[in-house]
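This report concerns only the one structure given below.
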Amino acid sequence: MKRRKFIKNTSLTGIGLAVGASALNCKENKTEKSNHMISTKNTLPKAICTWGFVRANAKAGEELAKGAKALDAAIAGVEVEEENLKNTTVGKGGAPDREGNVTLDACVMDSDGDCGAVVCVENITNVALLAKKVMEDTPHVMLAGEGAEEFAYSQGFEKENLLTEDSKKAWEEWKKSPEYKPIINIENHDTIGMLCIDKDGDIAGACTTSGLSYKMKGRVGDSPIIGSGLFIDNEIGGAVATGMGEEVMKTVGSFLIVELMRNGMSPQEACEEAVKRIVSKNDRYKDFQIAYIAMDKAGNVGAYCIHEGFTYMNYEDSTNKNVKVDFYNKA
């Protein structure tokens, strides 16, 4: 049930891969250097995502090629990583908080401006889909903790133990000398954010994470916060963030990028300006990573980060490429 119908009813009652039929049948291409020139020769539909999540972006691209709507394709894509037990920063198998609890955060935003989010969710793997359910089947935008989990069960989601044996062993090892110090491009590699444009030219996105490794209990970063971790305006484009969420939230980074594009900046220029806003306000920027990717309605893509090492995936015309991103801190 769509949100508008729900409200009405309740008121009345009170690396590059050439992707074919399957992402498994593909050939590899070398990682490419990001091209910062504005291009109008883009092939739609199109999917991009943070980091080198090859299979996730391939899945989204395949769904788009089949005619899926942008948001459905984005959710199908990020679910690949939510279900990937080897990924310790997203979904099941994610690193726990300091007390050994895996808690997940996610948000989605559709082309009509509607959105949904969940925070501090335990025992549910596919939290991006759960965020979509919040968007469509409740009068709310965000549900948290036990309330989000109870809603998930009412929607048919299965209860699962998200702490795998490997993650548990790593946590127990960390407890021997529990020091919290984020590691650039490793511990901060904590999010898959994805943007899709479908065959109708509509843009939507999803962002999902298990958060920073060994975070304080109850910590929530930028990933499920509309305007920080993700923002979409179907007339302009969209943006997603990854890295140290506390710093993204201070400048509402994804919203900022879309507004900069609204005022005439290219996606690349907007991403660069958003990173520079953070750097200018924090003299500790050398200690953490922030990265953004953005896409406008024509399919032009921009990406920028503080430190070297960030890449994004770009799917178009049945090809899925891993693109290196330019960076601010070149000292």
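The values are calculated or read from the model by the stated rules, or taken from the named source; none is laboratory data. What you see is a predicted model; the values in this text were computed from it and never measured. Cβ placement follows ideal geometry from the backbone for every residue including glycine, while neighbour counts extend to all protein chains displayed. We work out accessible area using only protein heavy atoms, side chains counted, and drop any ligands, DNA or RNA first. Shrake-Rupley method; radii C 1.70, N 1.55, O 1.52, S 1.80 Å.
Some points to look at:
- If you plug the beta carbon distance of Asn263 and Asn42 into 1/(1 + (r/R0)^6) with R0 = 22 Å, you get a FRET efficiency near 0.55.
- Surface share of carbon and sulfur [accessible, 1.4 angstrom probe, percent] for the stretch 39-193: 48 percent
- Average accessible surface for the stretch 157-305: 40 Å² per residue, computed with a 1.4 Å probe over protein heavy atoms with every protein chain in place.
- Accessible area of the stretch 230-284 belonging to carbon and sulfur atoms, whole % at 1.4 Å probe: 47 percent
- Extension gain, Glu146-Asp112: 0.36 nm per intervening residue step, less the Cα-Cα distance, totals 9.4 nm.
- Modelled FRET efficiency - R0 25 Å, Leu85 with Gln155, Cβ distances, 0.05 increments: 0.60
- Excluding ligands, DNA and RNA, the accessible surface per residue across the stretch 86-146 is 30 Å² with a 1.4 Å probe.
- The residues packed around Lys297, meaning those with a beta-carbon under 13 Å from its beta-carbon, carry a net charge of -4 if Lys and Arg are +1 and Asp and Glu are -1.
- Electrostatic bookkeeping for Lys169 treats Lys and Arg as +1 and Asp and Glu as -1; over the other residues with beta carbon under 13 Å from its beta carbon, the sum is -1.
- Fully extending the segment from Lys330 to Asp200, taken as 0.36 nm per residue of separation minus the present Cα-Cα distance, adds 42.8 nm.
- Computing Rg and the Kirkwood Rh from the Cα coordinates of the stretch 96-234 gives a ratio, Rg/Rh, of 1.00.
- In the stretch 186-246, trypsin sites (Lys or Arg not before Pro) in a DSSP loop with at most 13 other beta-carbon atoms within 10 Å: Lys217
- Of Lys175/Lys330; Lys159/Lys324; Lys133/Lys215; Lys69/Lys168; Lys59/Lys159; Lys169/Lys330, pairs whose Cα-Cα distance is over 31 Å: Lys175/Lys330; Lys159/Lys324; Lys69/Lys168; Lys169/Lys330
- Couplings for the stretch 132-137, taken from phi via the Karplus curve 6.51 cos²θ - 1.76 cosθ + 1.60 with θ = phi - 60°, read 5, 5, 4, 4, 8, 10 Hz in order; Gly and Pro are left as x.
- Per-bin percent of Cα-Cα distances, the stretch 192-323 [10 Å]: 13, 46, 32, 8, 0
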